[in-house]
Amino acid sequence: MAKATGRTEVSRYMRSIPVALETKVLRGAAKAAAAVVRDEVKLRANSEDLREGIITRTKSEEGRITVRVTVEKGWAYSLGLWAEYGTDPHFISVDPSLSGGRSVRRTNKMLKEGSLVIGGQFAGTSVFHPGAGAEPFLRPSLDIKRAEAIAAAQGYITTRLARHGLGGPEVPEE
């Protein structure tokens with residue numbers, strides 16, 4: 001009678017396939033798709049500070065992989081919000097907790113980048129900002145590059161599986 005060996009190893013290998021697919025192939029495919037969208041986002045961003053703050057994050061949990069193209073927290077994030085959604089008209093004044101009891105003019109002189117000095121000229125104790133229109137750059141990038149991103153993800157998956165002799169073009173029967 002024939003004897004089969006390696007059953008445990010084969011069984012262990014078969015159980016490892018879904019994990020390997022998720023952590024290596026599918027996460028990589030998500031990153032490939034996000035790279036396409038990220039490049040478009042950077043092209044559409046309206047400032048260098050904003051472009052430098054654009055990042056891609058992936059997360060895997062409960063059999064689901066998510067990828068986000070976003071703006072990192074900090075100054076770039078504020079710029080991104082203002083650009084994507086615009087700003088309402090508002091007043092700008094020096095925060096009393098930052099002025100240390102000094103006048104607005106003195107505060108601006110000390111800071112040399114005071115919020116109420118415009119074009120090198122003192123503008124007064126407060127300024128009315130008319131707001132800024134929205135210049136969306138995130139969502140339009142996804143809308144425009146959706147098909148290309150999906151193709152990049154599919155290409156990544158196909159390439160990775162083909163390396164291991166899986167998938168790839170079908171061979172016609174003779």
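Quick look at the values:
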| read-out | value |
| --- | --- |
| Residues Leu79, Leu43, Leu142, sorted so that the one with the fewest Cβ neighbours within 10 Å comes first | Leu43, Leu142, Leu79 |
| Listed pairs Lys24/Lys59; Lys24/Lys145; Lys73/Lys145 exceeding 21 Å between Cα atoms | Lys24/Lys145; Lys73/Lys145 |
| Sites Leu21 and Asp143 - FRET efficiency at Förster radius 25 Å, r taken between beta-carbons, to 0.05 | 0.30 |
| Backbone HN-Hα couplings from phi across the range 77-86 [Karplus 6.51/-1.76/1.60, Hz, Gly and Pro as x] | 5, 4, 4, x, 4, 5, 5, 5, 10, x |
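Any read-out appearing in this document is the output of simple, stated calculations on the displayed coordinates, not a laboratory observation. As the structure is a computational prediction, the values presented were derived from the model and not from experiment. Backbone-built Cβ (ideal geometry, glycine too); neighbour counts: all protein chains shown.
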